[in-house]
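These notes concern the structure reproduced below.
The values are calculated or read from the model by the stated rules, or taken from the named source; none is laboratory data. Predicted model only: the values in this text are computed from it and were never measured. Because the Cβ atoms are built from the backbone with ideal geometry, glycine has one as well, and the counts that use them run over all protein chains shown. All accessible areas refer to the heavy atoms of the entire protein, side chains included, with ligands and DNA or RNA removed. Shrake-Rupley method; radii C 1.70, N 1.55, O 1.52, S 1.80 Å.
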Amino acid sequence: METVQVRYTEQQLQPFLQQLFTSAGVEAHSASLVSRHLVTAHMRGVTSHGVIRTGIYIKRLLKGVVEKKDGFTIERETPVSATVNGGNGLGIPIASESIKLAVQKAKQSGVGMVAVTNSNHCGMLADYTNYAADQGCISLAFTNSPSAVAPWGGLEKYFGTNPFSYAVPRRDSPNIVFDMATSAVAKGKIIAAKNNGESIPLGWAITKDGEPTTDPVKALDGLLLPVGGPKGYGIAFLVEMLSTALSGAATGPHMGDLYNDFEKKQNNGHFFLAFRPDLFEDIDVFHDRIDQLAAEVQSVSTQEGIERVLLPGELEHAKLQKHQAEGVELSPVLAAELRELALELGVDPLD
């Protein structure tokens with residue numbers, strides 16, 4: 001199997017993806033948001049939520065199971081909260097507008113909370129919390145997803161990979177940004193392993209019969225495991241509750257499957273929280289404390305083989321800077337998929 005990676009710059013990839021989405025019928029503003037988001041995720045090293053998602057997003061648009069036109073509406077609102085109906089549009093533009101609304105309310109009232117229903121897969125949550133941190137807010141983001149993970153001790157899917165993210169603004173340093181799935185691994189990483197003909201580590205998933213597996217095909221047909229056993233299960237429950245009970249979005253078993261169901265809409269749910277640190281203390285004092293906390297954490301002695309302690313999001317930020325300078329690599333399988341999409345949509349393929 002060919003394993004040579006194909007390298008492209010941000011300036012090549014982003015307009016190309018934007019053309020693909022506009023050719024599929026997406027409005028220009030939303031196409032720009034989606035393409036920037038996917039390329040940014042890829043450059044941050046979060047390839048499971050990067051360019052690899054292009055094909056499935058466009059397939060669902062062309063099948064008519066996701067609306068091509070923007071349909072973001074506010075159904076219920078207070079000075080500090082809003083319930084948003086995404087109109088079954090692409091999840092990334094819906095989530096982008098929702099975090100902006102949460103930040104706007106935080107700037108005006110100190111805190112902003114937005115619950116979202118009738119959305120779709122919204123990509124990398126770190127993009128939204130990092131935006132809020134850039135605006136000076138501490139932020140959290142949650143989203144549920146179709147059933148893939150058994151509750152702790154169970155042998156049936158219920159929860160999705162149910163990620164959450166937080167971000168903390170810094171004064172003169174990159175924001176502290178944390179983003180994780182509550183499953184042992186993001187489902188996209190197992191899909192990438194399958195596409196690349198690779199095995200997966202034990203502990204990521206079990207077969208449908210409950211047996212440990214390193215086969216990504218059997219893993220996708222079976223059950224993902226929660227990270228940290230019962231602790232991850234407890235966090236997955238929190239993510240599910242915030243993502244659905246507040247807005248009326250579908251819980252995992254009642255969602256349309258992103259990859260396998262082209263008849264039923266997903267009705268994905270999200271929840272965003274942003275608040276200003278200066279509600280509690282002078283902003284300069286807050287930044288001094290965060291700087292001290294970060295410096296002390298990074299000054300602890302390290303285990304053998306570990307050069308230094310990294311802050312949450314530091315590795316991804318370094319990858320982003322590197323890939324902005326050098327470009328990113330796409331697998332031959334993904335590069336071929338993008339070429340086929342370009343031909344199908346009448347877009348000039350990448351060189």
For the range 159-181, which positions are part of a loop (DSSP other than H, G, I, E, B), open to solvent by less than 30 Å² (accessible area, probe 1.4 Å) and within 30 Å of A295 (Cβ to Cβ)?
P163, P169, N175, A181
Please name all residue pairs, on different chains or six or more residues apart, with Cβ atoms under 8 Å, provided the first residue is in the range 325-351 and is closer than 11 Å to R7 by Cβ and the second residue is open to solvent by 70 Å² or more (accessible area, probe 1.4 Å) and in a loop (DSSP other than H, G, I, E, B).
E329/Q5; L330/Q5
Can you find a residue in the range 75-93 that is touching a Leu at 6+ places or on another chain (Cβ under 8 Å), touching a residue at least 40 places away in the same chain (Cβ under 8 Å) and part of a helix (DSSP H, G or I)?
yes
If I ask for residues that are out of contact with any strand residue (DSSP E or B) (no Cβ under 9 Å at 6 or more places or on another chain), open to solvent by 50 Å² or more (accessible area, probe 1.4 Å) and either at pLDDT 90 or above or hydrophobic (A, V, I, L, M, F, W, C) (or both), which ones from the range 198-210 would you list?
E198, S199, P201
Identify the single condition in (1) surrounded by fewer than 24 Cβ atoms within 10 Å (Cβ to Cβ); (2) farther than 26 Å from Q321 by Cα that N120 does not satisfy, given that it satisfies every other one.
(1)
The lone exception for H121 - which of (1) more than 20 Å from the chain's Cα centre (by Cα); (2) in a loop (DSSP other than H, G, I, E, B); (3) closer than 18 Å to L242 by Cβ it fails
(1)
Single condition S81 does not satisfy, out of (1) over 30 Å from L223 (Cα atoms); (2) among the polar types (S, T, N, Q); (3) buried (at least 24 other Cβ atoms within 10 Å of the Cβ)
(3)
Restricting the search to the range 298-333, which residues are assigned to a helix (DSSP H, G or I), surrounded by 13 or more Cβ atoms within 10 Å (Cβ to Cβ), over 19 Å from the mean Cα position of the chain (by Cα) and of a type in the set (A, V, I, L, M, F, W, C)?
V333
Take the residues in the range 1-40 that are among the hydrophobic types (A, V, I, L, M, F, W, C) and touching an Asp or Glu at 6+ places or on another chain (Cβ under 7 Å), then tell me which one is least open to solvent (accessible area, probe 1.4 Å).
V39
Filter the range 65-78 for residues that are acidic (D, E) and over 11 Å from N118 (Cβ atoms); the one that is least open to solvent (accessible area, probe 1.4 Å) is D70
